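The structure under discussion appears below in the form of C-alpha cells.
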Amino acid sequence: MAAVSAQVLSHYRSEIVENIRANGGVLAAGGITVKLAKEFGFCYGVERAIDLAYAARKYFSDVSPQTPIYLLGEIIHNPEVNDQIRNMGIKIIAPKPTDVEVSLLNPGDVVIIPAFGTEVSTRKKLEAKGCVLVDTTCGDVMSVWKRVRQYSIEHVTSIIHGKAKHEETKATTSQARAYGSGHYLVVYNLAETDFVCNYILHGGDKQEFLNKFEGAFSAGFDPDLHLEAVGVANQTTMLRGETEEVQRRFKAVMQKKTRRRKHRKTFPLF
Ligand code: SF4
C-alpha cells in the first residue's frame, strides 16, 4: 500500500478542496461563497478499499502480469472512481456473479471484495473455484456481521436497518443466516419500524405484513413466530441517529410487551 500511496493521492487529491480546508472550509471569490460540507470525501473504509485495490493491481502486475483482476460490483458508488479502477485494468463483474459467470473464472484469478463485503454464498463459490481473494471488507461492516451471527446463534431475529437491495445489507443478511438458523427482517425507515413494532404489540394481518416486506425477510420468516426476540443491526451507510431511533423503538416495544406478559401472569384474565 505504501508503494501506491503517491499514485492514489495523485488520482484523488484536489487542490481546490485542500485550499478550502486550509481556509477553514470556506472559499469566497467574486461574490460567491463556497462552504465545504463537514463530512466530505471518502470514509476510511472506502479509502482503505481503494488503497488495497491499487496495491493489488501493483502487486500482481509485478509478480504475475498475466493474472486477471476482478472487482465484485463497485468499489464505491461513484462512477468516476469506478472508471479509474477500470482504467487500471481491473475488470468489474457482478456483485453476485451467477454460477455461469463464476465458471468463466480460473483458479488463481484475483477477485477484489469491496468495502461493503459480499454474500457468504458468493465468497464460498469463489473460494471453491480457487480464486485469490483480496478482501477489503471494512472492519465496521464485519462488526455488524459478528453481531448478527451472534443473534442467529441465540435464535434472535436480526432487524436490519437498511435497504434490502443494497449489497452491504445483502451481505449482512447472508451472515444472519450463516449458521442455517436465525431470521432477519430489513426495515428501511421509521415508518416501517413503527409498522413492525405495532405488529409485535397488537398483532395484525400476517399476509399484509409479508406483502409489505416482500424481499426483505429470510426464507420461512413468520412475523407471528419470529418477532418474539429481536436485535437491531444496520447498513453502515444509514444515518446513525436514525438507526439509534429504530433501536430505541424496538427496545421500548419489547419492554412494553414483556411488562404486559408479566402483568397477565400476576392478574390472569378469566
Ligand atoms: S462501515 Fe461502511 S461507511 Fe463506515 S467506514 Fe466502513 S465502509 Fe465506510
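Just so you know, all these numbers are worked out from the coordinates, no wet-lab data involved. Keep in mind the model is a prediction, meaning the values are calculated, not measured. Reconstructed Cβ throughout: ideal geometry from the backbone, glycine too, with neighbour counts over all protein chains shown.
Distances longer than 23 Å among the Cα atoms of the chain: what percent of all pairs is that?
62 percent
How high is the relative contact order of region 2-137, in percent, with contacts defined as C-alpha pairs under 8 Å that are six or more residues apart?
Over region 2-137, the number comes to 21 percent.
Select from Thr193, Ser174, Gly162 the residue farthest towards the positive end of the dipole of region 157-201; place +1 on Cβ of Lys and Arg, -1 on Cβ of Asp and Glu, and compute about the Cα centre.
Positive-end residue among those listed: Ser174.
Based on the mean of other beta carbon atoms within 10 Å per residue, what is the order of 47-54, 60-67, 245-252, most packed first?
47-54, 245-252, 60-67
Roughly how many nanometres apart are two label points built 7 Å out from the Cα toward the Cβ at His155 and Glu39?
Using points 7 Å along Cα→Cβ, the separation is 3.8 nm.
Can you check what the Kirkwood hydrodynamic radius comes to for region 140-265, Cα pairs only, in Å to one decimal?
About 14.5 Å, per the Kirkwood formula over Cα pairs.
Using a simple charge model, +1 on the beta-carbon of Lys and Arg, -1 on the beta-carbon of Asp and Glu, nothing else, what dipole does the chain show about its Cα centre, in debye to the nearest 20?
Computed charge dipole of the chain: roughly 1200 debye.
Given R₀ = 51 Å, what would the calculated FRET efficiency be for Gln66 paired with Ala252, taking r from the Cβ atoms and rounding to 0.05?
The formula returns an efficiency of 0.30 here.
For Cα pairs less than 8 Å apart in space and 6+ apart in sequence, what is the mean separation divided by the residue count of region 95-167, i.e. the relative contact order in percent?
32 percent
Could you work out the helix-only [θ] at 222 nm for the chain, with each DSSP H run of four or more residues adding -39,500 (n - 2.57) and the total divided by the number of residues, to the nearest 500 deg cm²/dmol?
-15000 deg cm²/dmol
Any chance you could run the full-extension gain for Ala219 through Lys146? It's 0.36 nm times the residue separation minus the Cα-Cα distance, nm to one decimal.
So the extension gain works out to 24.2 nm.
Taking the C-alpha atoms of region 2-137, how large are the radius of gyration and the largest Cα-Cα span, Dmax, in Å?
18.0, 61
Average the reciprocal distances over every distinct pair of alpha-carbons in region 163-233, invert the result, and give the Kirkwood radius in Å.
Evaluated on region 163-233, it is 12.6 Å.
Treating cross-link reach as a plain straight distance, find the aspartates and glutamates whose alpha-carbon is under 16 Å from the alpha-carbon of Lys206, omitting any fewer than eight places away in the same chain.
Glu192, Asp194, Glu214, Asp222, Asp224, Glu228
In the chain, what percentage of the DSSP-assigned beta bridges are antiparallel, given to the nearest 5?
20 percent
Share of antiparallel DSSP beta bridges in region 2-137, in percent to the nearest 5?
Within region 2-137, antiparallel bridges account for around 30 percent of the total.
Tell me, what is the percent relative contact order of the chain, built from C-alpha pairs under 8 Å that lie six or more residues apart?
Once divided by the residue count of the chain, the mean separation gives 14 percent.
Would you give the gap between the C-alpha center of region 196-270 and the C-alpha center of region 50-106, rounded to a whole Å?
A separation of 40 Å, based on Cα centres.
Give, as a single signed number, the net charge of other residues whose beta carbon lies under 12 Å from the beta carbon of Leu210, with Lys and Arg counted +1 and Asp and Glu -1.
-3
Output the Cα-based Rg and Dmax of region 54-113 in Å, rounding Rg to one decimal and Dmax to a whole number.
Taking only Cα atoms of region 54-113, I get Rg and Dmax of 11.6, 30 Å.
Which lysines, on any chain, are close to Lys212 with Cα under 21 Å apart, when same-chain ones fewer than 8 places away are left out?
Here the lysines satisfying the reach criterion relative to Lys212 are Lys163, Lys165, Lys170.
Enter the angle in degrees (range 0 to 90, nearest 10) between the Cα long axis of helix 240-266 and the first principal axis of the Cα atoms of the chain, meaning the one along which they spread out most.
Rounded to the nearest ten degrees, it is 20.
Taking the Cα centre as origin and putting +1 on Lys and Arg beta-carbons and -1 on Asp and Glu beta-carbons, what dipole magnitude results for region 140-265, to the nearest 20 debye?
Dipole of region 140-265, to the nearest 20 debye: 700 debye.
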